[in-house]
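Visitor: Pasting in a structure now, in structure tokens, and then I'll have a few things to ask.
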Amino acid sequence: MTTNKSVLAWIEEMKNLVNPDSVVFIDGSEAQLEALRAQAVKTGEMIKLNEEKLPGCYLHRTAVNDVARVEGRTFICAKTKEAAGPTNNWMDPAEAYKMLYDIAKGSYAGRTMYVIPYSMGPVGSEFSKIGIELTDSIYVVLNMAIMTRVGEDVFKALGDSEDWIKGLHCKCNIEEENRYICHFPEDNTIISVNSGYGGNVLLGKKCFALRIASFLGKNEGWMAEHMLILGLENPKGEIKYIAAAFPSACGKTNLAMLIPPEKYRKMGYKVWCVGDDIAWMRIGEDGRLWAVNPENGFFGVAPGTNVKSNPNALSSTQSGTIFTNVVHNLDENTVWWEGLDKNPPKNALNWKGEKWDCEGGEKGAHPNSRFTAPAKNCPCISSEFDSSKGVPISAIVFGGRRAKAAPLVYQSRDWQHGVFVGSVMASETTAAATGAVGVVRHDPMAMIPFCGYHMGEYFAHWLEMGKKLGDKAPKIFNVNWFRLDDEGNFMWPGFGDNMRVLNWILDRCEGKADAVETPIGYVPAADGIDLEGLDVSKETLAELLNVDKEIWSAEAADIEEFFKKFGDKLPKELSAELCELKARLK
Ligand code: GTP
Ligand code: SPV
Ligand code: MN
């Protein structure tokens with residue numbers, strides 16, 4: 001399928017290492033993919049679901065010890081520890097290669113090596129990048145074929161170029177103690193062993209499109225961010241684009257596909273989804289910031305997805321979708337998860353494949369169970385989805401899960417202050433990564449698990465981009481859909497109603513909405529957020545927008561500690577912003 005010497009030499013080298021029985025190139029054809037699906041069904045790796053209700057859909061269960069990203073076992077293997085910075089695990093590249101090659105050695109014996117040529121971004125477009133993933137998992141092949149553009153065309157687009165990313169994935173025996181997700185940014189290489197879970201093994205996603213690409217972006221003057229991209233169309237038919245960074249399982253897919261409240265729908269408002277997880281952004285010829293979604297599908301959180309919360313995501317999963325670690329409804333041969341509806345199946349298997357009693361009190365689907373759905377299935381997919389130029393961004397929004405500190409929405413004073421706002425983001429941990437859930441941790445720009453180099457330099461890169469963008473820079477905001485009242489209930493209805501907040505954001509970008517200055521930035525005026533048709537009182541809104549000086553003073557002290565990590569790599573602009581925040585809080 002290719003005569004590219006660099007590709008063939010590497011495949012040969014890896015073949016000698018892992019020793020497969022055979023090698024299969026993925027050409028991207030439906031016939032080949034269909035044969036692989038049939039094979040996976042035969043071996044039990046996947047279960048074919050009800051063809052009438054869920055055409056072309058499959059269920060897969062991962063090993064029970066392999067259900068989420070493993071941040072503690074994820075490494076940036078740059079030449080120096082300093083280059084990886086204080087927020088990444090680091091391993092010396094020579095040591096890492098030796099350790100990984102020892103684990104990978106002979107691990108494909110009796111198995112097939114699948115060679116997946118894939119493009120992040122439309123095939124052949126100037127801003128797209130190519131990767132080749134070697135894997136011994138059909139599940140990985142089939143997921144990559146949904147999440148990225150795969151096949152022969154990719155090799156054609158690559159030609160003889162040596163500019164591509166190497167990715168080796170070996171399932172091995174899915175041993176937790178020998179699981180490693182390693183990145184070699186200086187060698188454009190990713191090696192992942194002993195896992196079969198999404199974010200650890202679909203190497204185009206977090207490994208390439210964020211960890212490796214963030215490093216490339218710094219060197220080449222663009223940005224790779226953990227951001228959704230959406231277009232909001234107003235009744236005049238004008239579409240403005242927003243990019244938003246929230247940590248894993250904090251609402252990107254939901255916001256990216258939101259359906260406006262009825263009143264707005266009637267007026268003619270629409271939301272178009274460009275992407276739900278990753279944005280590659282660069283400065284366009286017009287000097288503005290333009291964003292592309294390098295992916296081709298959605299690897300979304302299943303629990304909580306339903307006809308009310310996210311009908312577009314649910315529609316996207318009704319054909320050609322792979323479900324991972326959800327409940328199997330045996331009567332209908334369909335799937336179910338917590339929060340889908342109020343009728344859990346009586347005759348069903350849980351995510352582990354065990355007989356499940358829906359009244360027994362145990363969850364049936366894993367909290368990080370996922371769907372892998374083709375982007376083209378999404379009813380609100382943007383007409384710009386395949387555009388190589390991308391879309392111009394008017395506003396950048398940061399956000400996280402904060403029970404108290406962060407108000408519903410606030411605007412930064414300017415780009416530099418906006419970078420500070422992103423750098424001090426903190427959020428409660430979720431089931432998307434292994435470890436404790438619900439613990440507040442610092443997660444600058446939602447990139448703490450995904451920045452492929454020193455985060456102090458990453459902040460500097462953001463500031464640099466702002467200088468280049470000048471007065472064409474997007475305005476920067478922060479949101480929090482997750483504020484709790486004293487009884488522990490969400491104070492804001494969220495989901496579709498988040499559109500009310502997006503409206504304020506876009507109005508601010510056009511200088512149309514009023515705001516009140518607080519120590520942390522600008523919040524909407526008392527009547528700034530439209531509450532019509534909502535069961536939210538003016539008092540509740542005031543509470544949602546309140547900036548508590550005591551909480552924020554504690555927050556500032558905590559930020560000061562966090563910033564110390566970065567030593568002299570912390571840009572002086574950010575320490576200056578912190579000083580100003582402290583002064584305003586006095
Ligand atoms: P990753 O795919 O891990 O990057 O996650 P994500 O950021 O795309 O998160 P997603 O949209 O899948 O939402 C994760 C969880 O947050 C789901 O259980 C949602 O139901 C919940 N959620 C999303 N938006 C809102 C909201 O506006 N309010 C509330 N209360 N919950 C929300
Ligand atoms: C996330 O955890 O942010 C995800 C899912 O989008 S994964 O692909 O596992 O990283
Ligand atoms: Mn994500």
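The values are calculated or read from the model by the stated rules, or taken from the named source; none is laboratory data. Predicted, not measured: the structure shown is a model, and the values here were computed from it. Methodologically, a virtual Cβ is constructed for each residue, glycine included, from the backbone with ideal geometry; neighbour enumeration extends over all protein chains shown. These area figures cover heavy atoms from the full protein model, side chains too; ligands, DNA and RNA do not enter into them. Shrake-Rupley method; radii C 1.70, N 1.55, O 1.52, S 1.80 Å.
Visitor: Could you list, in sequence order, all residues of the range 186-233 that are in contact with a helix residue (DSSP H, G or I) (Cβ under 7 Å, 6 or more places away or on another chain), hydrophobic (A, V, I, L, M, F, W, C) and over 14 Å from ASP277 (Cβ atoms)?
Guide: Passing the criteria: ILE190, ILE191, VAL193, VAL201, ILE212, PHE215, MET223, LEU232.
Visitor: Take the residues in the range 13-29 that are among the charged types (D, E, K, R) and farther than 17 Å from ASP102 by Cα, then tell me which one is nearest to the chain's Cα centre (by Cα).
Guide: ASP27
Visitor: Then there's this: Looking at SER137, SER125, can you tell me which residue is modelled with pLDDT of 95 or more and among the small types (Gly, Ala, Ser)?
Guide: Residue meeting the stated conditions: SER137.
Visitor: Now for a different question. Whether any residue in the range 557-565 is under 30 Å from LYS266 (Cα atoms) and in contact (Cβ under 8 Å) with a residue 60 or more places away in the chain is what I want to check. It would help to see each step written out before you state the result.
Guide: Let us first name the residues in the range 557-565 that are under 30 Å from LYS266 (Cα atoms), namely none.
There is no residue in the range 557-565 that is under 30 Å from LYS266 (Cα atoms) and in contact (Cβ under 8 Å) with a residue 60 or more places away in the chain.
Visitor: Ok, one more. For the range 338-366, which residues satisfy the criterion of being assigned to a loop (DSSP other than H, G, I, E, B), touching a residue at least 12 places away in the same chain (Cβ under 8 Å) and under 15 Å from HIS60 (Cα atoms)?
Guide: ASN350, TRP351, LYS352, GLY353, GLY364, ALA365, HIS366
Visitor: Next question, about the same structure. Select, from GLY217, GLY237, the only residue that is on the phi > 0 side of the Ramachandran plot and modelled with pLDDT of 95 or more.
Guide: Checking each option against the conditions leaves just GLY237.
Visitor: Only one of (1) assigned to a loop (DSSP other than H, G, I, E, B); (2) surrounded by 19 or more Cβ atoms within 10 Å (Cβ to Cβ); (3) under 22 Å from the mean Cα position of the chain (by Cα) is not met by GLY438, so which one is it?
Guide: In the conditions (1) assigned to a loop (DSSP other than H, G, I, E, B); (2) surrounded by 19 or more Cβ atoms within 10 Å (Cβ to Cβ); (3) under 22 Å from the mean Cα position of the chain (by Cα), GLY438 misses (2) alone.
Visitor: Related question: How many residues are open to solvent by less than 20 Å² (accessible area, probe 1.4 Å), closer than 20 Å to SER248 by Cβ, in a loop (DSSP other than H, G, I, E, B) and touching a strand residue (DSSP E or B) at 6+ places or on another chain (Cβ under 7 Å) if we restrict to the range 383-430?
Guide: 3
Visitor: Continuing with this model, one more query. Could you tell me whether any residue of the range 249-257 is among the basic types (Lys, Arg), away from ligand 1 (no atom under 12 Å from the Cβ), within 21 Å of the chain's Cα centre (by Cα) and buried (at least 20 other Cβ atoms within 10 Å of the Cβ)?
Guide: The answer is no; no qualifying residue exists.
Visitor: Residues ASN350, ASN343, ASN306, ASN333: which one is modelled with pLDDT of 95 or more and buried (at least 20 other Cβ atoms within 10 Å of the Cβ)?
Guide: Step by step, each of ASN350, ASN343, ASN306, ASN333 is checked, and only ASN350 is modelled with pLDDT of 95 or more and buried (at least 20 other Cβ atoms within 10 Å of the Cβ).
Visitor: Could you list, in sequence order, the residues of the range 441-463 that are in contact with a helix residue (DSSP H, G or I) (Cβ under 8 Å, 6 or more places away or on another chain) and assigned to a loop (DSSP other than H, G, I, E, B)? Spell out how you get there, then give the answer.
Guide: Just the residues of the range 441-463 that are in contact with a helix residue (DSSP H, G or I) (Cβ under 8 Å, 6 or more places away or on another chain), to begin with: 442, 444-445, 447-463.
Residues satisfying the conditions are MET447, ILE448, PRO449, PHE450, CYS451, GLY452, TYR453, HIS454.
For (1) away from ligand 2 (no atom under 16 Å from the Cβ); (2) farther than 23 Å from LEU340 by Cα; (3) among the acidic types (Asp, Glu), each residue gets a yes or a no:
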| position | (1), (2), (3) |
| --- | --- |
| LYS270 | yes, yes, no |
| ASP277 | no, no, yes |
| ASP286 | yes, yes, yes |
| PRO311 | yes, no, no |
| SER319 | yes, no, no |
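Visitor: Looking at VAL501, VAL516, VAL523, can you tell me which residue is touching a Leu at 6+ places or on another chain (Cβ under 6 Å), more than 16 Å from ligand 2 (Cβ to nearest atom) and outside any loop (DSSP other than H, G, I, E, B)?
Guide: On the way: VAL501 fails: touching a Leu at 6+ places or on another chain (Cβ under 6 Å); VAL516 fails: touching a Leu at 6+ places or on another chain (Cβ under 6 Å).
On inspection, the qualifying residue turns out to be VAL523.
Visitor: Within 20 Å of the chain's Cα centre (by Cα), more than 20 Å from ALA302 (Cα to Cα), among the aliphatic types (A, V, I, L, M) and open to solvent by 10 Å² or more (accessible area, probe 1.4 Å), is that true of LEU216? Outline the logic, then answer.
Guide: Working: within 20 Å of the chain's Cα centre (by Cα): yes; more than 20 Å from ALA302 (Cα to Cα): yes; among the aliphatic types (A, V, I, L, M): yes; open to solvent by 10 Å² or more (accessible area, probe 1.4 Å): yes.
In short, yes.
Visitor: Here's something else I'd like to know. Only one of these is open to solvent by 40 Å² or more (accessible area, probe 1.4 Å) and either in contact with a Lys or Arg (Cβ under 6 Å, 6 or more places away or on another chain) or over 26 Å from TRP504 (Cβ atoms) (or both): GLY364, GLY360, GLY452, GLY456. Name it.
Guide: None of the other options fit; the residue is GLY360.
Visitor: Residues of the range 213-242 being more than 16 Å from ligand 3 (Cβ to nearest atom) and assigned to a helix (DSSP H, G or I), which ones?
Guide: Once the filter is applied, which keeps residues that are more than 16 Å from ligand 3 (Cβ to nearest atom) and assigned to a helix (DSSP H, G or I), the range 213-242 yields PHE215, LEU216, GLY217, LYS218, ASN219, GLU220.
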